[in-house]
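Below: the structure, in structure tokens.
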Amino acid sequence: MQPYPENGAPKSIVILGGGTAGWMTAVALSNHLGGRGSSKPVAIRLVESDDIGIVGVGEATLPAIREFNAFAGVDEAEMLAATNGTYKLGIEFVDWGRVGNRYVHPFGAHGRPIGGVDFVHHWTRARLAGEAVGAIDDYSYAIEACRQNRFQPPSKDMAAVESTYSYAYHFDAGLYSRFLRSIAERRCVVRTEGKVEAVEREGDRITALRLASGERIAGDLFIDCSGFRAVAIGSQPDDAWEDWTQWLPCDRAVAVPCARSDDFSPYTRSTADTAGWRWRIPLQHRTGNGYVYSSAHISDDEAAAVLLANLDGEALADPRPLRFKSGRRRASWNGNCVAVGLSSGFLEPLESTSIYLIQAAVTYLVKYWPGAEAGQAVLRNAFNQAIDFEYDRVRDFLILHYWLNERPEPLWRRCRETPPPESLIEIVDLFRKRGLAPSRRNGLFAAPSWISVLTGQGLSPEGYDRLADHTPFEASLAAMTGERAQIVRGVAGMTTHADYVGRHAAGMAA
């Protein structure tokens with residue numbers, strides 16, 4: 001792989017911080033920007049301190065992580081075995097919208113198109129006509145597999161119903177960072193142990209990091225993966241933050257692992273609670289648990305007690321607290337410094353987006369890799385616009401969960417009564433009136449994701465795409481019935497999630 005040839009392109013990269021963000025960045029860049037036989041490799045150096053703890057984001061992921069594996073040259077089976085990973089077909093939401101409610105956000109479609117028109121419109125047409133067609137969840141292959149705790153990779157035959165879903169992973173974030181580090185160091189990424197004492201710069205450009213040891217580390221491009229501390233990007237003179245706590249009021253979390261449960265599910269579970277929500281993530285060797293909450297509505301001690309009272313098994317550690325503020329930087333690339341991960345922004349892990357936002361930043365950085373000085377501003381602006389859009393669309397998707405609710409508690413009333421961004425209002429109104437939802441071209445989440453949350457939280461379309469009327473009504477109903485039958489038969493033939501992990505991804509816990 002030859003490095004990018006533009007005159008003035010960086011020849012030395014300094015990554016500040018390890019953890020998930022730092023080592024994902026190192027692995028991806030080392031695969032694309034030099035080393036491994038390149039005649040003019042780009043030097044990559046990562047600076048981190050073992051004395052500084054990491055947040056450990058991303059034990060649950062989205063299907064886009066599989067694109068990162070291909071982008072960065074990471075083998076799936078090797079990664080899952082090294083991280084005690086499991087497979088993930090979606091996210092189950094319990095007590096969201098209202099107490100007693102339950103639905104799944106699947107990684108895949110709700111039915112296949114009928115007569116060239118998306119399935120949701122035929123389902124809406126039938127429902128409005130008074131037909132007992134059931135919930136739209138019944139037509140999702142991924143959801144049916146989640147209900148039965150089954151898993152196998154989707155079919156490569158795009159005509160088969162078994163091809164209508166995707167999958168992601170759960171893994172131990174600490175082990176994942178260690179795994180990526182081993183790959184990066186094999187690719188000649190140099191790790192330096194040390195704490196940064198000062199950031200040296202000339203104007204808006206960083207020239208070097210000065211460590212507590214006295215060592216000075218110079219570079220052409222600096223990538224800030226130092227988490228909430230934002231050591232490098234925070235030193236930039238034009239740095240600014242966009243605060244989203246008015247819409248996403250949860251500002252704290254407490255996390256604790258527990259013994260693995262017999263309920264070895266191929267999905268993440270998110271359970272709404274009085275002052276926030278609790279997560280459950282099944283791994284091979286343990287179950288990850290946490291409570292994301294608003295400190296204005298519950299104390300830290302009370303939140304920890306609620307979490308401990310709702311574990312599947314014995315707690316394996318003391319609860320670990322975390323404080324945060326939802327929002328993003330107005331410029332993730334400033335001067336010659338690029339913020340990746342928590343130094344760029346933070347959105348609570350409700351939809352497992354933390355690792356995706358790291359992945360997006362690294363992918364866009366390669367796409368808009370800095371070249372000649374004369375073109376830097378254009379590339380930098382394109383990168384910032386792309387990252388801003390990714391954060392903004394994820395923000396709207398998360399707000400949807402809070403805004404569309406009927407729960408009685410003060411936190412939930414506040415969320416329901418706070419007007420959301422206009423961009424979200426437009427999405428909800430369009431779905432309500434015509435059953436239309438955003439496509440993947442418009443941000444991370446595709447139409448099935450929006451449909452699952454909108455319908456799961458109680459919003460049913462009042463209309464549908466009239467092109468569905470071109471299919472005779474009885475033929476449409478027959479196609480729906482056939483789709484459901486194929487899903488039931490297909491899932492019945494799948495192996496259990498536990499068996500599949502044991503055969504294909506067994507790690508040190510097996």
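Values as computed for the structure displayed
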| quantity | calculated |
| --- | --- |
| Looking only at segment 458-488, and only at residues there that are of a type in the set (D, E, K, R) and in contact with a helix residue (DSSP H, G or I) (Cβ under 9 Å, 6 or more places away or on another chain), the one that is surrounded by the most Cβ atoms within 10 Å (Cβ to Cβ) | E483 |
| Subset of segment 64-99 (residues that are part of a loop (DSSP other than H, G, I, E, B) and hydrophobic (A, V, I, L, M, F, W, C)) | V74, L89, W96, V99 |
| Near pairs, Cβ below 7 angstrom, 6+ apart or cross-chain, from segment 305-320 (in contact (Cβ under 8 Å) with a residue 24 or more places away in the chain) to any residue that is surrounded by fewer than 15 Cβ atoms within 10 Å (Cβ to Cβ) | L308/A315; D312/S261; D312/D263; G313/A259; G313/S261; E314/A259; L316/A259 |
| Residues satisfying the stated conditions in segment 309-357, i.e. buried (at least 23 other Cβ atoms within 10 Å of the Cβ), small (G, A, S) and more than 27 Å from L209 (Cα to Cα) | S352 |
| Only listed residue being of a type in the set (D, E), under 19 Å from G17 (Cβ atoms) and under 30 Å from the mean Cα position of the chain (by Cα), chosen from E200, E162, E215, E185 | E185 |
| Within segment 229-343, strands (runs of 3 or more DSSP E) holding 1 or more residues that are among the β-branched types (V, I, T) | 252-258, 268-273, 276-282, 287-293, 337-339 |
| Any hit, segment 184-192, residues being in contact (Cβ under 8 Å) with a residue 40 or more places away in the chain, assigned to a helix (DSSP H, G or I), surrounded by 14 or more Cβ atoms within 10 Å (Cβ to Cβ) and in contact with a helix residue (DSSP H, G or I) (Cβ under 9 Å, 6 or more places away or on another chain) | yes |
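Conditions tested, residue by residue: (1) within 30 Å of S12 (Cβ to Cβ); (2) modelled with pLDDT of 95 or more.
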| residue | (1), (2) |
| --- | --- |
| I281 | no, yes |
| R286 | no, no |
| V292 | no, yes |
| S295 | no, yes |
| A305 | no, yes |
| L311 | no, yes |
| L322 | no, no |
| R330 | yes, no |
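The values are calculated or read from the model by the stated rules, or taken from the named source; none is laboratory data. Predicted model, so just to flag it, every value in this text is computed and none were measured. A quick note on method: Cβ atoms are made from the backbone with ideal geometry, for glycine too, and the neighbour counts reach across all protein chains shown.
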